[in-house]
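Laboratory data are not the source of any read-out in this text; all were calculated from the coordinates shown. A quick note: this is a predicted structure, and the numbers were derived from the prediction, not measured. We place every Cβ from the backbone using ideal geometry, glycine too, and count neighbours over all the protein chains shown.
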Ligand code: NIG
Ligand code: FE
């Protein structure tokens with residue numbers, strides 16, 4: 001297999017403290033080699049072995065590709081009017097999901113596929129090399145399972161979110177909808193999904209419904225993740241920790257007990273700063289989570305209602321400015337933190353044996369991701385060793 005060397009890397013973030021400086025394991029004047037889909041050598045440029053192909057990065061920064069552990073890419077239409085109304089003072093509420101459900105049900109498979117492809121190209125262009133995506137805008141057996149069938153052709157990280165909200169036709173029978181989600185819909189969706197998720201919050205599902213939904217999914221071999229405490233402090237974090245969920249997502253409103261629970265668990269706190277931005281909500285304090293010992297990830301939450309961004313650098317900048325993470329912590333959370341939230345050990349790091357998911361920036365250091373907000377800094381992205389974007 002041909003070996004490709006990236007040489008003349010100004011600063012290389014490895015996320016392995018034994019390889020370089022600080023928690024990010026930064027090596028200056030570095031090189032790396034990958035063969036096929038795997039990284040096979042990492043170290044100082046002066047010690048790099050010969051490879052078949054040599055790409056000179058002229059002092060640029062290199063880091064692991066971002067791991068976006070939370071996105072909702074299976075939908076049709078947009079909700080720009082709802083966003084504009086919100087910016088004029090209307091509040092965000094879970095019920096807005098139903099308008100995307102109507103547009104998604106009306107879309108053809110080809111339209112859903114086309115929307116997905118466009119968004120995935122955007123994700124890759126911002127440096128994301130692994131992404132999770134959920135169903136949740138179909139809310140019928142056929143619409144949820146087709147969303148997951150399409151999604152699973154493009155990412156292994158697919159999540160069944162039939163329990164996003166109770167659809168209009170079940171407004172008078174939420175228990176009947178939970179029954180559908182935990183039986184017929186689950187049976188149709190489980191073959192295309194790795195994860196099960198539930199929106200445990202005001203206007204969606206309560207703690208007991210969330211437990212029943214996650215339990216049913218776990219019994220079918222899915223792993224749990226939870227939309228928790230976005231709109232108010234509630235049972236979401238407790239449920240996530242109890243069910244050994246890989247991640248509790250949003251964490252906008254956290255009590256001291258929630259923070260202690262997260263810190264004492266294997267459940268990652270995934271923060272979604274794009275959602276606070278686009279719903280004009282208070283940002284959670286990531287500093288408190290880190291100081292307590294919790295693991296923090298950052299993800300885009302890309303969806304048409306509460307966070308229509310595909311940009312991880314934008315989320316990093318917000319997390320630094322508004323959630324009190326340092327630039328180093330935010331970069332860690334968007335890479336290895338995301339990998340932890342997906343319980344993956346092969347991504348989020350640049351070490352021998354890891355997947356060759358690599359981002360080269362048009363900047364001398366990863367700090368520029370937060371320091372230069374709104375600027376496209378992507379120079380080149382390699383996904384499993386394949387260049388996604390031609391160098392500029
Ligand atoms: O993660 N919180 C629930 N689901 C999405 C928003 C869905 C929507 O408004 O369409 C989220 O923010
Ligand atoms: Fe979400």
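For residue 179 and residue 326, a Förster radius of 30 Å and the Cβ-Cβ distance give a FRET efficiency of 0.05, rounded to the nearest 0.05.
What do you get for Rg/Rh over segment 265-345 if you use C-alpha atoms and the Kirkwood form of Rh? My calculation puts Rg/Rh at 0.94. Round to the nearest 10 and give me the degree value, 0 to 90, for the angle of helix 141-151's Cα axis relative to the longest principal axis of the chain. With rounding to tens, the tilt is 0 degrees. Taking only the alpha carbons of segment 1-123, we obtain Rg and Dmax values of 22.1, 60 Å in that order. Its Cα gyration tensor gives the chain an equivalent ellipsoid. The semi-axes, each the square root of 5 times an eigenvalue, are 35, 22, 19 Å from largest down.
For the ranges 196-205, 233-242, what's the packing order if you count other beta-carbon atoms within 10 Å of each residue, average per peptide, and put the highest first?
The most tightly packed comes first, giving 196-205, 233-242.
Computed from the C-beta positions of residue 346 and residue 168 and an R0 of 51 Å, the FRET efficiency is 0.75 to the nearest 0.05.
Name the shape class, rounded, prolate or oblate, that the alpha-carbon gyration tensor gives for segment 59-154, where a ≥ b ≥ c are the square roots of its eigenvalues, rounded holds for a/c under 1.5, and otherwise prolate holds if a/b is larger than b/c and oblate otherwise.
Judged from the Cα gyration tensor, segment 59-154 comes out oblate (a/c at least 1.5, b/c at or above a/b).
Mean residue ellipticity at 222 nm from the helices of the chain, using -39,500 (n - 2.57) per DSSP H segment of n ≥ 4 over the full residue count, to the nearest 500 deg cm²/dmol? Don't jump to the answer; show the numbers that get you there.
Working: 15 runs with 133 residues, N = 392.
Helix-only estimate at 222 nm: -9500 deg cm²/dmol.
Evaluate the relative contact order of segment 67-341 (contact order divided by residue number), counting alpha-carbon pairs under 8 angstrom at least 6 apart; express in whole percent.
Answer for segment 67-341 is 19 percent.
When you count the other C-beta atoms within 10 angstrom of each residue and take the mean per peptide, 105-113, 155-163, 179-187 line up highest first as 155-163, 179-187, 105-113. Sorted from greatest to least, the principal axis extents spanned by the alpha carbons of segment 207-341 come out as 39, 33, 26 Å. For segment 97-243, take N as its residue count and report Rg(C-alpha) divided by 2.2 N^0.38 Å. Compactness ratio reported: 1.01.
Ordered by packing density, taken as the mean number of other Cβ atoms within 10 Å over each peptide's residues, highest first, how do 31-40, 285-294, 131-140 rank? Could the numbers behind the result be given before it?
Details: 31-40: 20.7, 285-294: 17.5, 131-140: 27.5.
So the peptides 31-40, 285-294, 131-140, ranked by packing, come out 131-140, 31-40, 285-294.
The DSSP beta bridges internal to segment 200-346 are antiparallel in roughly 10% of cases. Helix 109-125 and the longest principal axis of the Cα set of the chain meet at an angle near 40°. Against the main long axis of the alpha-carbon atoms of the chain, helix 312-323 sits at an angle near 80°.
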